[in-house]
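Colleague: Quick one: the structure is below, and I'll ask about it shortly.
Every number in this text was worked out from the coordinates using simple rules, so none of it is lab data. These numbers were taken from a predicted model, which means no experiment stands behind them. Here the Cβ is made from the backbone with ideal geometry for all residues, glycine too, and neighbour counts use every protein chain on show.
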Amino acid sequence: TVIKTTQKKKHRESRLSACAAVDCCAVLSCFACRWILCVCVCVSLIVPQPPTITHQSPKDYIVDPRENIVIHCEAKGKPHPSFSWTRNGMHLDIDKDPKVLMKPHSGTLVMDIGGGERAEAYEGVYQCSAHNELGTAVSNSIIIRQSRSPLWSKERISPIIAQKGQSLILHCRPPAGLPPPIIFWMDNNFQRLPQSRRVSQALNGDLYFSNVQPEDSRSDYICYARFPHTQTIQQKQPISVRVLDMDSLNDTLADYFNDTDLFSDKPTEERAPVFMVPSESVSSKMVLRGEVLEMECVADGLPTPAVSWVKHNGEIPSGRASFLNFNKTLRITDVSEVDAGEYRCIAKNRHGSAQHTIRVTVNAAPYWISAPRNLVLAPKEMGIITCRAAGHPKPSIRWLVNGLPIEDAPEDPSRSVEGDTLIFSEVQTGSSAVYQCNASNQYGYLLSNAFVNVLAEPPRVLTLPNIVYQVIMNKPALLECVTFGSPVPTITWFKDSRSSMLEGNAYVFHENGTLEIHMSHPSNSGKYTCVARNSLGLSENHVYLEVKEPTRILRPPEYRVVQRNRDVVFECKAKHDPSLVPTMTWLKDDRELPDDERFRVDSDSLTITDVTESDAGRYTCIMNTTLDQDSASAQLTVVGECLCATPSQPGVPTDLELTDQEARSIQLTWIPGDEHNSPIKKFLIQYEDALHQSGVWHNLTEVPGTKTTAHLKLSPYVHYSFRVLALNEVGFSRPSMPSRQYRTSPAAPDENPTEVKGHGTEHNNLVITWKPLTPLQANGPGLQYKVMWRQQDMEKDWTSVSVANVSKFVVSGTPTFVPYEVSVQAVNDYGPGPKPSAVIGYSGEDFPSAAPGDVRVLVLNSTLAEVRWSPVSPESVRGRLQGYKVQISSRHRKENLKSHHMTPLNSDGLRKRMNEFPAGAFPSAPSFFKVSTFDLDSLMLEWGPPYERNGRLTGYTFKYQTGEETCPFTLGTLTALPANKRDSSFTLHNLPHSTRYKFYISARTQRGAGPTLTEEAVTVLDRGDQDWQKEKVNGSQFHVLKGLKKGLAYKVRVVARGHDDRAVHHSEELLVKVPAMVSPQVDIATQGWFIGLMSAIALLILILLIICFIKRNKGGKYPVKEKEDAHGDPEIQPMKEDDITFGEYSDEDHKPLKGSRTPSSGTVKRDGSDDSLVDYGDSGDTEFNEDGSFIGQYSGRSDRDARHDSSKPLSPVNAMNSFV
């Protein structure tokens, strides 16, 4: 059977809702019912099925005695079931009572009581049974009771007289009806009596006065009772109430009877509250789960007390609780176990308070946790039926089979009972039956039917064949395959052919057989086949999928400003799938266009002629197809005849509102301000993060000027406030007032740090750097970075460390220049970010460990030479090979000598070897040089590096000569001393005593030695072993030694002696040196004889200097050029950064050393080695290379001359130098 429902609608959604409005499954008894493309497919299978109750009357059924009694009982099954009834547990023979009928093909009973029959005769407990050859289903026990609305009993009610301020209760006491009547108070004119906090009706219908007032006096207090089933109203006899004001009455009678009070002179005094209901201090109330709990407290008091409610150790549920009757009644709906406890009502006025405690107990009639469900099994299969119910007290579970207790039913070996579960195993074809589960306690019961149907049926596909599904590209597609079979068939899907089964993440296979395609693409179009299989066979069905192009508006309407009485045209050009029929619709302010001939709609435009002010608004074009739609809007602004008004900045947007709040998004709406004669082009939305950067506004997004809403994407863990600015051709408006704050919840990071790099700064480290996340990207508190690294192709496991508030991490102890895989992952208190990708970085580089070999030079011409060499091995580079540095030096002599040097360079080497220095540059003299007496036989020499190195400092030239204390001072042999270029001091030990020394020092670079500094010193005279001189000291801690001689050293010790003058202990010996220069007691510089002597000596020295100068000029000069020719270019050594200093190059002559003799020939002997000075000095001058050895200083004569002339007297110049 196929039922089609068609209804003409504009949108497909409307048609679907129209389809849903017709429930074909409720109309027909279908085995399977599905909606397929708005077609209700209802398939009736010729399959045996046990009965199932589909409709029945309520358990407690109150009937109107004036109408026929109808007790419903409907069921379905194959074959169709027959029905029977019981009344009060006994079989009901319908044929015996002509007033009782059963509807055809139904179990519904109709009892005709219109002929004078009384409804009371049919009251009782009824139960319906529906049965066929496979089993019996039973209904609930239905209690039939007649509605009753009895009359009020006749009574005489005396008038009530009350004194002003007293409390009063007017009782209603309505007759008991079924169901209970609804009570209300009215007067003779059927007007409800006014109620207030002072006067109110209680739950039992009585009218309570907390205190009466004179205006309460009236004679028509009438209580009415309305019985809902019979729609009748009964009324009580009117009650008369008279309120006496004793103060006014006494005053009146006093005037009449000469000031005589007939009544008490005490007025009604104000009083603290006292509860009228409940009367006890503590009461209790029981309510069933799911019902309504009503509690009331009515208090007497003057002035009228106010009532409030609290729950002890809990809160009153705000969503389900309401306070009625001027706060005197607390009503809680849908009661659950959490509502149990103690409730306290408190009445207060200015004289005190009263409170009452109500102890609420919540019990529960049985309710389902898991109701039993029908079970279809194939032969030899197994299954279970569960029946789980809860309640308070806990309900008991009782099983029935076909309406009989299971213990009285025929035994079935395939069935077993375990409490609330039925277990079936190895079922047979004849095991079909209907089982009833009854869960009951003292407050009610539940009864549910569930059948076990044992079938052996091959698969059947119930979906209509050859259905064509149409879907828009990038939208999900659902292809249905409704099947039936026993055993339950398995569903597989194929596309185009049966050669390959569909599988993979692109498809979702639902349990009901439906195939879902997440994102439809044109390649998904085609024929699909669903195949249903079970052990008894298979069945298949074919459907088709067509993926259509989406509808898109290519040229949307644009903002228009038009003068009044002019025409305006809005264009709207769209693209759609060629196979779909489009429909263009225009709206104005989201409503249909006005019914006005001035509005003309064409295929792709809207024209409005003779525009008026009322035409201003937002116009929307909607392009519809049968599958989808697209829309676009534009604003129309109508201005007056004159457009000469000066535009200005737009007005401030107002009324910011946040809606559609989600975890990562929110909708912002606003009202735009005045355009000020210039259309708004766009709105700028800004946000403030009060958590991380309070007071700083950031741009978030922009929307066109025609929109007043924006869907904003948000980040976690941000306290957002938004504001809007409008922009026209003049500029931005002032910002709007901020919106209310919206706080997003924290979450794990969505991204990891960027710009992750790995590089080395030392030969044994790896520095990992990254760009840290901003607070907006952190997504939560506790942001850390998990830094991970491993050596590429060498290590399988990652090494990791977590750091915070940094953007780099140094890994130490790495091999030199090896590749590492490096990654950095963001982590916060809510979890890690996504898995990071790894980058490759290298550990630090080191100097190349080898030089190129096989260096060859081929001179091509007078100006061109070719240098060749063998490359170094990659392992020796120890870094990225940047190239080779070729160093060449030349000397222009007859021999045209040339030298070259090759050095491989990596990035580390380039940094340390790129500086060049002027050829022939010499260092300056050491910054200082001093010699001090260290001991009797030791001297300490100290010096500082030169101020101007003029190249790479290779060492120092260090020499000394001994001299005899003769006149003139005679110098001995020149001796070189070993030293290290990094030293700044040197100590000479084991020197002979009473000896004068002259020391020479100069700094040296690759080009040679610089100027020399000299210094002299004398060792201390050693007197040998002498007897100790003794001086007694009595109890003092210091002593002055007198009579010491200058230039001598003394050993001093302190000796402790006993009473027998024997030495008990003595201290260590202390060496005390007395300076050789003695401070004169008399200033001899002022003596005449001393002045004359000094003048004679000065004249003599001047004569000697003149002679020395003449002899020096005759000896010739020693130019630098000759010195360069005499000594070869030293081997170029690697340079370090701390040795690189540029200085000026001086070409002046080198002076001979102090105290040395200059050869008369003016030449220096030269051998074949570069910069060798072995011809000078006693032991031969040695070169001071990087290994720390010294290079000899020029002495001015050869070894032979030194030995031959050692006994010759010194020149006057040298003699003077020895004194300086």
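Colleague: What value in Å³ per residue do you get for the convex hull of the alpha-carbon atoms in the range 36-179?
Modeller: Values: hull volume 33.4 nm³, N = 144.
Each residue corresponds to 232 Å³ of Cα convex hull volume.
Colleague: Between residue 857 and residue 232, 0.36 nm times their residue separation minus their Cα-Cα distance comes to what? Present the calculation step by step, with values, prior to reporting the outcome.
Modeller: On the way: separation 625, 0.36 × 625 = 225.00 nm, distance 13.10 nm.
The span from residue 857 to residue 232 would gain 211.9 nm if fully extended.
Colleague: Under 19 Å from a label point 7 Å along Cα→Cβ of residue 197: give me every residue in the range 282-306 with its amide N that close.
Modeller: Zone members listed by number: 296-306.
Colleague: Let me ask something additional. Summing Lys, Arg as +1 and Asp, Glu as -1, what charge do residues with Cβ under 9 Å from the Cβ of residue 553 carry, residue 553 excluded? Don't skip to the end; give the middle numbers.
Modeller: Values: positive: 552, 555, 573, 575; negative: 630.
Computed value for this residue: +3.
Colleague: Enumerate the whole-percent occupancy of each 10 Å bin, from 0 to the last occupied one, for all C-alpha pair distances of the range 158-197.
Modeller: That works out to 18, 42, 34, 6, in percent per bin.
Colleague: Can you work out the FRET efficiency for the pair residue 488 and residue 544, with r the C-beta to C-beta distance and R0 = 22 Å, to the nearest 0.05?
Modeller: On the way: r = 27 Å, r/R0 = 1.21.
Between residue 488 and residue 544 the formula returns 0.25.
Colleague: Give me Rg over Rh for the range 133-172, both radii from the alpha carbons and Rh done the Kirkwood way, two decimal places.
Modeller: Details: Rg = 25.7 Å, Rh = 17.2 Å.
Dividing the radius of gyration by the Kirkwood radius yields 1.50.
Colleague: Provide the net charge surrounding residue 221, with neighbours chosen by a C-beta distance below 10 Å and charges set as Lys +1, Arg +1, Asp -1, Glu -1.
Modeller: Working: positive: 218, 236; negative: 187, 216, 220.
Within the 10 Å Cβ shell, the charges total -1.
Colleague: Once both labels are modelled 7 Å past Cα along the beta-carbon direction, what's the residue 418-residue 940 spacing in nm?
Modeller: Once both label points are built, they end up 9.8 nm from each other.
Colleague: Related question: Specify, per residue and in Å³, the volume enclosed by the convex hull of the alpha carbon atoms belonging to the range 656-705. Intermediate values should be presented prior to the final figure.
Modeller: Working: hull volume 5.3 nm³, N = 50.
Expressed per residue, the convex hull around the Cα atoms of the range 656-705 is 105 Å³.
Colleague: Using the Kirkwood radius over Cα pairs, work out the Stokes-Einstein diffusion coefficient for the range 413-476 at 25 °C and 0.890 mPa s, in µm²/s as a whole number. If you can, show how the numbers build up before the last one.
Modeller: Values: Rh = 16.7 Å.
Using the Kirkwood radius from Cα pairs, D works out to 147 µm²/s.
Colleague: Which distance in nm do the two modelled labels at residue 394 and residue 1032 give, with both placed 7 Å along the Cα-to-Cβ direction?
Modeller: Roughly 11.4 nm, to one decimal.
Colleague: OK, next. Determine the principal axes of the Cα atoms in the range 410-546, then give the extent along each, sorted from largest to smallest and rounded to whole angstroms.
Modeller: Computed over the Cα atoms, the extents are 63, 39, 25 Å.
Colleague: I need to check one value: relative contact order of the range 471-550, counting alpha carbon pairs closer than 8 Å and at least 6 residues apart, in percent.
Modeller: 40 percent
Colleague: Could you check the simple spin-label distance between residue 610 and residue 68, using points 7 Å along Cα→Cβ, in nm with one decimal?
Modeller: 6.7 nm
Colleague: Also: Between residue 322 and residue 671, what's the calculated FRET efficiency when r is the beta-carbon distance and R0 is 41 Å? Round to 0.05. Please report the intermediate quantities before stating the final value.
Modeller: Details: r = 36 Å, r/R0 = 0.88.
With a Förster radius of 41 Å, E is 0.70.
Colleague: Here is a follow-up. Quote the Stokes-Einstein diffusion coefficient, in whole µm² s⁻¹, for the range 530-571, based on the Kirkwood radius over alpha carbon pairs, a temperature of 25 °C and a viscosity of 0.890 mPa s. Walk me through the numbers on the way to the answer.
Modeller: On the way: Rh = 16.7 Å.
Using the Kirkwood radius from Cα pairs, D works out to 147 µm²/s.
Colleague: With the cut-off at 1.5 for a/c, could you classify the range 767-852 from its C-alpha gyration tensor as rounded, prolate or oblate? Display every interim value, and only then the final one.
Modeller: Values: a/c = 3.15, a/b = 2.27, b/c = 1.39.
Since a/c reaches 1.5 and a/b is larger than b/c, the shape of the range 767-852 is classed as prolate.
Colleague: R0 = 45 Å: FRET efficiency of residue 1039 with residue 1093, Cβ-based, nearest 0.05?
Modeller: Numbers: r = 40 Å, r/R0 = 0.89.
According to the calculation, E is roughly 0.65.
Colleague: Compute the signed sum of charges (Lys and Arg +1, Asp and Glu -1) over the other residues within less than 14 Å, Cβ to Cβ, of residue 125. Don't skip to the end; give the middle numbers.
Modeller: Numbers: positive: 59, 87, 145; negative: 60, 123.
Overall, the nearby charge balance is +1.
Colleague: A further question follows. If you average 1/r over all unlike Cα pairs in the range 713-756 and invert the result, what Kirkwood radius do you get in angstrom? Please list the in-between numbers first.
Modeller: Numbers: mean 1/r = 0.0743 Å⁻¹.
Taking every pair of different Cα atoms in the range 713-756, averaging 1/r and inverting gives 13.5 Å.
Colleague: Also, quick follow-up: If you look at just the Cα atoms of the range 724-823, how large are its Rg and its Dmax in Å?
Modeller: When restricted to Cα atoms, the range 724-823 yields Rg and Dmax of 21.1, 65 Å.
Colleague: Where in the range 397-428 does the label zone of residue 371 land, with the point 7 angstrom along Cα→C-beta and an amide N cut-off under 19 Å?
Modeller: Under cut-off, by backbone N: 397-403, 420-422.
Colleague: Let me ask another. Using only the alpha-carbon atoms of the range 90-141, report the extent along each of the three principal axes, biggest first, to the nearest angstrom.
Modeller: Result, largest extent first: 42, 22, 15 Å.
Colleague: Which value, in debye to the nearest 20, describes the size of the charge dipole of the range 677-807 about its Cα centre when Lys and Arg Cβ atoms bear +1, Asp and Glu Cβ atoms bear -1, and nothing else is charged?
Modeller: 620 debye
Colleague: If you don't mind, another one. Based on the alpha-carbon gyration tensor of the range 295-407 and its eigenvalue square roots a ≥ b ≥ c, which shape applies: rounded if a/c is under 1.5, prolate if not and a/b is larger than b/c, or oblate?
Modeller: On the way: a/c = 4.66, a/b = 3.97, b/c = 1.18.
It is prolate, given that a/c is not under 1.5 and a/b is the larger ratio.
Colleague: Per residue, how much space in cubic angstrom lies within the convex hull of the C-alpha atoms of the range 271-319? Please report the intermediate quantities before stating the final value.
Modeller: Values: hull volume 5.7 nm³, N = 49.
For the range 271-319, the hull spanned by Cα atoms encloses 116 Å³ per residue.
Colleague: To one decimal place, what orientation-averaged projected area in nm² is obtained for the convex hull of the Cα set of the range 184-227?
Modeller: Numbers: hull surface 13.7 nm².
The directionally averaged projection comes out at 3.4 nm².
Colleague: For each pair in 59/99; 713/835; 76/394; 998/1111; 713/757, compute the distance between the two Cα atoms and list the pairs where it is over 28 Å.
Modeller: Working: 59/99 23 Å; 713/835 23 Å; 76/394 33 Å; 998/1111 24 Å; 713/757 31 Å.
Violating the 28 Å Cα-Cα cut-off are 76/394; 713/757.
Colleague: Relative to the compact-globule scaling 2.2 N^0.38 Å, provide the ratio for the alpha-carbon radius of gyration of the range 352-475. Numbers along the way, then the final one.
Modeller: Values: Rg = 22.9 Å, N = 124, 2.2 N^0.38 = 13.7 Å.
Here the Cα radius of gyration is 1.66 times the empirical estimate.
Colleague: Still on this structure: Take every Cα-Cα pair in the range 506-585 and report what % of them are more than 22 Å apart. Numbers along the way, then the final one.
Modeller: On the way: 1769 of 3160 pairs.
Here the long-distance tail beyond 22 Å is 56 percent of all Cα pairs in the range 506-585.
Colleague: For residue 342 and residue 559, calculate 0.36 nm times their separation in residues minus their Cα-Cα distance, and state this gained length in nm to one decimal. Spell out each step's value before the answer.
Modeller: Details: separation 217, 0.36 × 217 = 78.12 nm, distance 6.60 nm.
In short, 71.5 nm is gained.
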